[in-house]
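The values are calculated or read from the model by the stated rules, or taken from the named source; none is laboratory data. Small disclaimer: the values here were computed from a predicted structure and weren't measured. Here Cβ is always computed from backbone atoms with ideal geometry, including for glycine, and neighbour counts include all displayed protein chains. Please note that ligands, DNA and RNA were not included when accessible areas were found on the heavy atoms of the full protein model with its side chains. Shrake-Rupley method; radii C 1.70, N 1.55, O 1.52, S 1.80 Å.
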Amino acid sequence: MSKAITTLIIIAAVIVGIIFLFHLFLWIFWLSISLTISMKKEYTKTNRFYNWVFVLWYRYMMIVGMIRLHVTGYEKVPFGTHFLLVSNHRSKFDNFVQCAVLKKTQIAYISKPENFKIPMGRRYMRRGLYLAIARNNPKEALGTILKAIDYIKSDTVSIGIFPEGTRSTDGSLKDFKPGSFKIAEKAGCPVVVCCMQGTENIAKNWPFKKTDVYMDILEVIPADVWAEKTTVEVAKYAQDLVQKNIDERNEKLQEAK
């Protein structure tokens, strides 16, 4: 083996080693910080530092996941007040992207109980005031909704929810559950309607191909809508907005092929 080839191998090994150590350092950092969060304490306020660390992890996952992000409607977001964020649900990456894009505010998501068993992640979720909702237990679900209402009314944190109730496995949009909008109605807050597309392809494309992900802020439904509309009507309106955006995006993507 020539000296030149040996040198190239050494350089390549050093670069790979540096990259590995960098990623290892980040994971040790996130793990170390997570261990400072108590799983026994009931947190009632958000914390900017922990939110920054959590969002940093989301952004890291987006980079590693090879996401090519496209955002529209960012200027519509009412960062000066707390709100209810509603969105269709394509994959577990949806809220990663949303939190990273809307990092100027903090969003506590309503999520299924299973997600609160994720190692390390559950600690950041707890510190970020994420709420578990037991869909098969109406009494517990009501308690979660009431707590979400209180978080917004007390100006503690914005709430994120996927009103379909679960991820779409075939890409089709499921009916938005009006009960999700009770949070905004009772809290008297605006509803930010968001559409996600492409996140369902991240796992399929990685690590050989980048994935185009589209996050569109479609409309902010003002708080005074509740004087005229019911949750059923607002849920249907939001669903129609998202469906229209999905159809238009799919049409554009087909034309571009």
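With protein chains left intact and a 1.4 Å probe, residues in the chain average 56 Å² of accessible area per residue. Of the DSSP H helices in the chain, those with a Cα length along their own long axis of 30 Å or more and a mean Kyte-Doolittle hydropathy reaching 1.0 comprise 3-34. Between rounded, prolate and oblate, where does segment 90-174 land on the alpha carbon gyration tensor, with a ≥ b ≥ c its root eigenvalues, rounded for a/c under 1.5, else prolate if a/b exceeds b/c? Judged from the Cα gyration tensor, segment 90-174 comes out rounded (a/c under 1.5).
For segment 42-79, applying the loop criterion from DSSP together with a ceiling of 13 other beta carbons within 10 Å to the trypsin sites (Lys or Arg not before Pro) yields LYS45. Beyond 30 Å, how much of the Cα-Cα pair distribution for the chain remains, as a whole percent? Within the chain, distances greater than 30 Å cover 32 percent of Cα pairs.
Here r is the Cβ-Cβ distance between ILE118 and THR169 and R0 is 25 Å; the resulting FRET efficiency, rounded to 0.05, is 0.80. Within the accessible surface of the chain, defined with a 1.4 Å probe on protein heavy atoms only, the carbon and sulfur portion equals 60 percent.
In segment 136-257, inverting the average of 1/r over every pair of distinct C-alpha atoms gives 16.1 Å as the Kirkwood radius. Between segment 114-149 and segment 54-69, what is the C-alpha centre distance in whole Å? Segment 114-149 and segment 54-69 have Cα centres spaced 23 Å from each other. For segment 129-175, the equivalent ellipsoid built from the Cα gyration tensor has semi-axes of 23, 14, 8 Å, listed from largest to smallest.
Based on every Cα atom in segment 16-80, Rg and the maximum pairwise Cα distance Dmax equal 15.8, 44 Å. Annotation: extensible slack from TRP27 through HIS70 equals 12.8 nm (criterion: 0.36 nm per residue apart, minus Cα-Cα distance). Within the same chain, aspartates and glutamates fewer than 8 places from LYS92 are excluded, and of the rest, those with a Cα less than 13 Å from its Cα are GLU114, GLU200. The modelled label-to-label distance between ILE19 and ALA227, using points 7 Å beyond Cα along the C-beta direction, is 5.8 nm. Computed over the chain, the per-residue total of -39500 (n - 2.57) for DSSP H runs of n ≥ 4 gives a 222 nm mean residue ellipticity of -14500 deg cm²/dmol, rounded to 500. Residue pairs exceeding 18 angstrom between C-alpha atoms, taken from LYS40/LYS117; LYS41/LYS147; LYS103/LYS186; LYS45/LYS147: LYS103/LYS186.
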